[in-house]
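First up is the structure itself, then whatever we jot down about it.
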Amino acid sequence: MQIDIIAVHPELIKSPFEYSIIKRAVDKNLVEVHFHDLRKYAVNKYGKIDDYQFGGGAGMVLMIEPVDKCISELQSQRSYDEIIYMTPDAPTLDQSMANQLSSAENIIILTGHYKGVDQRVRDKFITREISIGDYVLSGGELAAAVLCDAVIRLIPGVLGDETSALTDSFQDNLLAPPVYTRPSDYQGMKVPDILLSGNFKKIDDWRYEQAVKRTSEIRPDLLKKEDN
Ligand code: 6GU
């Protein structure tokens, strides 16, 4: 997969790709990530990329021209499955979106700033808009990093144990059950006997029950999701 990230502050998102599972995916060439500084496509020599909004109102809006130049340059080199715009006024990222995107070949992620981007960018280029939750960040960069992490770990071959993504929270719209490791008794706080029983059928059943219990207590909305 190739991911092209267009940002006003690309430096803000580089470090998540330098650690742990995501770094391993990059090192194994399972994903290639390119960062593009929108400022390079500025409309004048002073680096102008935004302007006041028509109709008045606070906050600057990213202009269409720099975005058009950048996206058009990328599109002249390859075709993209998705051109995603990160913005709070969009459907919220969930595991099924991450699953879908993990099978894409090439994607562009455009991150906004200030008051967002000229609507004509969204109309002309964007195939999918994604928010990462109901709160406002100062820019889309961190949201793009979150999206990339969620997607990249699902690319086949990235996780060492292929089954481990299948047992994550949300894969079946359930939160993950509790987990324990050594020691089995820490200052009188004991691990549930069933996990030490060696009876894997019973352990699976217990984990499922715990997942349902946790989900109904913390996120009952997940149990009502359509794709359950
Ligand atoms: Cl994608 N961008 C910004 N700026 N804020 C957000 C967001 C995105 N998702 C949630 N809040």
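The values are calculated or read from the model by the stated rules, or taken from the named source; none is laboratory data. Computed from a predicted structure; not experimentally measured. Here Cβ is always computed from backbone atoms with ideal geometry, including for glycine, and neighbour counts include all displayed protein chains. Accessible surface areas use protein heavy atoms only, side chains included; no ligands, DNA or RNA. Shrake-Rupley method; radii C 1.70, N 1.55, O 1.52, S 1.80 Å.
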Does Asp161 meet the test of being out of contact with any strand residue (DSSP E or B) (no Cβ under 6 Å at 6 or more places or on another chain), open to solvent by 50 Å² or more (accessible area, probe 1.4 Å), outside any loop (DSSP other than H, G, I, E, B) and outside the structural domain of Ile64 (by TED's automatic domain parsing)?
-> no
Considering the stretch 72-113 alone, what residues qualify as being open to solvent by 70 Å² or more (accessible area, probe 1.4 Å) and either assigned to a helix (DSSP H, G or I) or within 15 Å of the ligand (Cβ to nearest atom) (or both)?
-> Glu73, Gln75, Pro88, Asp89, Pro91, Gln100
Identify, from the list Gly198, Gly160, the residue that is away from the ligand (no atom under 16 Å from the Cβ), under 21 Å from the mean Cα position of the chain (by Cα), more than 30 Å from Gln75 (Cβ to Cβ) and without any contact (Cβ under 8 Å) to a residue 24 or more places away in the chain.
-> Gly160
Which one of these is within 30 Å of Leu222 (Cα to Cα) and charged (D, E, K, R): Asp81, Asp68, Asp37?
-> Asp81
Any pair with Cβ under 6 angstrom, 6 or more apart, that starts in the stretch 69-85 at a residue that is assigned by TED's automatic domain parsing to the domain that holds Arg128 and ends at one that is open to solvent by 90 Å² or more (accessible area, probe 1.4 Å) | Asp81/Glu105
Take the stretch 117-146 and flag every residue that is within 8 Å of the ligand (Cβ to nearest atom) and open to solvent by less than 30 Å² (accessible area, probe 1.4 Å).
-> Ile130, Ser131, Gly133, Gly139, Gly140, Ala143, Ala144
